[in-house]
Amino acid sequence: MKKTKKTMIVVAVCVAMIGLASAAMAGEVKLILATGGTAGTYYPYGGAMSKIWNSKIPGMNVTAQATGASVENVRLMNKDEVELALVQSDTIDFAFNAKEAFKEPLEKMAVVAVLYPELVHIVVRGDLDIKSFSGLRGKKIGVGAPGSGTEANFRQLMDVHRMSKDDVNTQYLSFAESADQFKDKRIDAFMVTGGVPTAAIMDVATQRDIKIL
């Protein structure tokens, strides 16, 4: 797919005060960076960022935490359970404006930086005659975890192509779960909104013939 999004690093509004208090009391700043699932891009990317911060900034101790990715990360931040998060750009808009998975505005955060573009990948079995999004009608598709940014993007694409939920057999699976079921031919396709490369896609490509729409 040609649809492109951005991954941003988001910081809790109160992070500066937390950092100063920690430094004053213990001589060390301890922060949690919410990332994503281990089969996506956020987790290894966040781990690499944490290592750089910890090695280059005296007294810095950042821990990369595996999560359900963007939507969960926003909620964790607004509950003061993490101080830093990797979040898909449109998920931030959804959170601030109470759209999609968010029933009320969540505003206890600020964007620090735009990190890299994300692509909407739709991976299909190579032995199936699927050449476009509309070709997914009647197929079993992994659409991301419930309430995830990927799942929201899938519903947006359904609207664009004038398709309803009855047109496809949706499976609410994480990237890792989608990869496992795809390899076992229990689903026909799966969707990933993520950077390049993405572990789940690399995993299935080594074992199955695939196409990316």
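The values are calculated or read from the model by the stated rules, or taken from the named source; none is laboratory data. Here the structure is a predicted model, which is why all the values come from computation and not from measurement. As a convention, Cβ positions derive from the backbone with ideal geometry for all residues, glycine included, and neighbour counts pool all protein chains shown.
Before moving on, here are some points about what is shown:
- Options Leu76, Leu31, Leu84: the member that is modelled with pLDDT of 90 or more and over 17 Å from the mean Cα position of the chain (by Cα): Leu31
- For region 172-213, residues that are among the polar types (S, T, N, Q), under 22 Å from Gly138 (Cα atoms) and either out of contact with any helix residue (DSSP H, G or I) (no Cβ under 7 Å at 6 or more places or on another chain) or free of Cβ contacts under 8 Å to residues at least 24 places away in the same chain (or both) total 2.
- Put simply, of Ala113, Ala152 the only residue that is part of a helix (DSSP H, G or I), within 24 Å of Val71 (Cα to Cα) and either at pLDDT below 90 or not acidic (Asp, Glu) (or both) is Ala152.
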